[in-house]
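A.B. asks: If you scroll down you'll find the structure; I have some questions about it.
The values are calculated or read from the model by the stated rules, or taken from the named source; none is laboratory data. In this text the structure is predicted, and so the values were computed from the model without any measurement. Please note: Cβ atoms are built from the backbone with ideal geometry, for glycine as well, and neighbour counts cover all protein chains shown. Calculation scope for accessible area: heavy atoms of the full protein, side chains included, ligands and nucleic acids excluded. Shrake-Rupley method; radii C 1.70, N 1.55, O 1.52, S 1.80 Å.
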Amino acid sequence: MRRFIGILVLAALAMALAAWLADMPGTATVEIAGWRVDTSAGGLATAGLALAFAFVLADRIWRLVTGAPRRFSEWRRVRRTRRGHAALARGLVAIAAGEANEAQRQARLAARALDDAPVARLLSAQAAQLSGDAASARRYLEAMRASPETEFAALRGLVGEAMRAGEDRRALELARRARELKPGAPWVTAALVDLETRSGDWAAAAESLARARRTKLLPAEQADANAAAVLHERARQLVREDLKRDAMAVAERAHRLAPDRPEIAATLASLYAKDGRLRAAANLVEKEWARRPHPELAAAHRLARPAANPLDRFRQVERLARNAPDHRESHVALAEAALEAELWGEAKRHADAAVAASGGDASAGLCRLFARIEQSRGDDPAAASAWLARAADAPADPAWTCRSCGQPHAAWAALCANCGAFDRLEWRAPARLAGQPATIEQKTV
Ligand SMILES: [Zn+2]
């Protein structure tokens, strides 16, 4: 509308100018190649204007004709881009709807229209993943890695692919590269925690867990529990590397994070004892025994309070048991020490008390303890055999049992030896499942 009004105004101005020029006084004569034109000054000016207008018009037409191919290709390019974007949108919808074939078709259209732009490759990769074509997905994602703007997104897809294929080492390398690009990304931290704990890289896992806690990726309680397990394993690793002082510092951190885990307290007490800090070791074991008696604490106690002979040992265990006199583990530890000191009456009395403290049913381990007492006493060989026979059908003893797969373990470890789950072992009697061993040999019972 504005343009139309502008044209009207211009036309009115041109007419006014022409009328004014036509009314101008004076004459003009032009001679060109024998032709002679007599006109008024106004006529000459009008002719000049008309000539200028004709020039402008010719220039316009010329540009229109010569610029046509360029404009045509530009129009085609815009149309292709538009088509590519439409295919991308349809492909995303197909992925959301779980239509793998349609997603792949749209991904091909988008890739062709957009000249394999990185975003089209992303759609191709997702479509391939959706249809279960891991090899193609990986190829597209690898191609995306070459472009800085899509490298991080490609790494996410590649880490997932590698984890699904069970290639943890490769997944770890890729996740670490992703951390270089964006250290704060939650998925990177989550993948690193998962992969580093699974691969037993305890030092790195401790750092990733600290980051997960700091960034609130994991609730503080869970992060601390997991970190305690990781640091416990790290401490044991340092012991194997003969770095006992470092091991002790790490075990202390683990104990501070999870003061209610007897296995960590037992490791720490053993480290104190091996370092000659017997009083610290004994204090720790006795304090923990009062809270939750555990066979591993009893083993650490052996190191913390070295005994000259089995009788002395029995006296030491009596002192320990006084911290939790009615607990099953106190009676088991006393029965073991009494057996070693050949105090068979005491041994039997405490074994009976242990049965009473565990609900009146002798577990397999307690049956074997009774058998050993009878064997050691030597009065009644039939009684020993009867206890051993009874052990076969007796309920299982508490053990480090995996909460994921139910597998019992002889000793605590951060990783389940059966299913590889991290920090899933808890101290309880394993349930008897069909086709699974009823129990494991206990070192302490
Ligand atoms: Zn398991």
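A.B. asks: Check region 51-70 and report whether any residue there is part of a helix (DSSP H, G or I), touching a helix residue (DSSP H, G or I) at 6+ places or on another chain (Cβ under 6 Å) and open to solvent by 60 Å² or more (accessible area, probe 1.4 Å).
C.D. replies: Among the residues of region 51-70, not one is part of a helix (DSSP H, G or I), touching a helix residue (DSSP H, G or I) at 6+ places or on another chain (Cβ under 6 Å) and open to solvent by 60 Å² or more (accessible area, probe 1.4 Å), which makes the answer no.
A.B. asks: Please verify whether region 394-401 includes one or more residues that are without any contact (Cβ under 8 Å) to a residue 12 or more places away in the chain and open to solvent by less than 30 Å² (accessible area, probe 1.4 Å).
C.D. replies: no
A.B. asks: Within region 177-205, work out how many residues are surrounded by fewer than 21 Cβ atoms within 10 Å (Cβ to Cβ) and among the hydrophobic types (A, V, I, L, M, F, W, C).
C.D. replies: Summing the residues that are surrounded by fewer than 21 Cβ atoms within 10 Å (Cβ to Cβ) and among the hydrophobic types (A, V, I, L, M, F, W, C) in region 177-205 gives 6.
A.B. asks: Could you give every pair whose Cβ atoms fall below 7 Å, whose first residue belongs to region 239-250 and is under 14 Å from Trp202 (Cα atoms), and whose second residue is exposed (fewer than 14 other Cβ atoms within 10 Å of the Cβ), counting only separations of at least 6 or pairs across chains?
C.D. replies: Hits for this filter: zero, empty list.
A.B. asks: Would you confirm whether any residue within region 382-402 is at pLDDT 95 or above, within 16 Å of the ligand (Cβ to nearest atom) and farther than 22 Å from Ala333 by Cα?
C.D. replies: yes
A.B. asks: Yes or no: region 115-126 includes at least one residue that is in a loop (DSSP other than H, G, I, E, B) and of a type in the set (A, V, I, L, M).
C.D. replies: Within region 115-126 (the criterion being in a loop (DSSP other than H, G, I, E, B) and of a type in the set (A, V, I, L, M)), the answer is yes, since at least one residue qualifies.
A.B. asks: If you take the residues in region 366-389 that are among the basic types (Lys, Arg) and touching a helix residue (DSSP H, G or I) at 6+ places or on another chain (Cβ under 6 Å), which one is surrounded by the fewest Cβ atoms within 10 Å (Cβ to Cβ)?
C.D. replies: The qualifying residue surrounded by the fewest Cβ atoms within 10 Å (Cβ to Cβ) is Arg377.
A.B. asks: Which condition from (1) in contact (Cβ under 8 Å) with a residue 12 or more places away in the chain; (2) more than 16 Å from the ligand (Cβ to nearest atom) is the one that Gly360 breaks?
C.D. replies: (1)
A.B. asks: Asp38 fails exactly one of the following numbered conditions: (1) assigned to a helix (DSSP H, G or I); (2) out of contact with any helix residue (DSSP H, G or I) (no Cβ under 9 Å at 6 or more places or on another chain); (3) at pLDDT below 80. What is the number of that condition?
C.D. replies: Failed condition: (1).
A.B. asks: Please verify whether Arg138 is closer than 28 Å to Ala421 by Cα and open to solvent by 20 Å² or more (accessible area, probe 1.4 Å), treating the condition exactly as stated.
C.D. replies: Judged against the criteria, Arg138 is a match.
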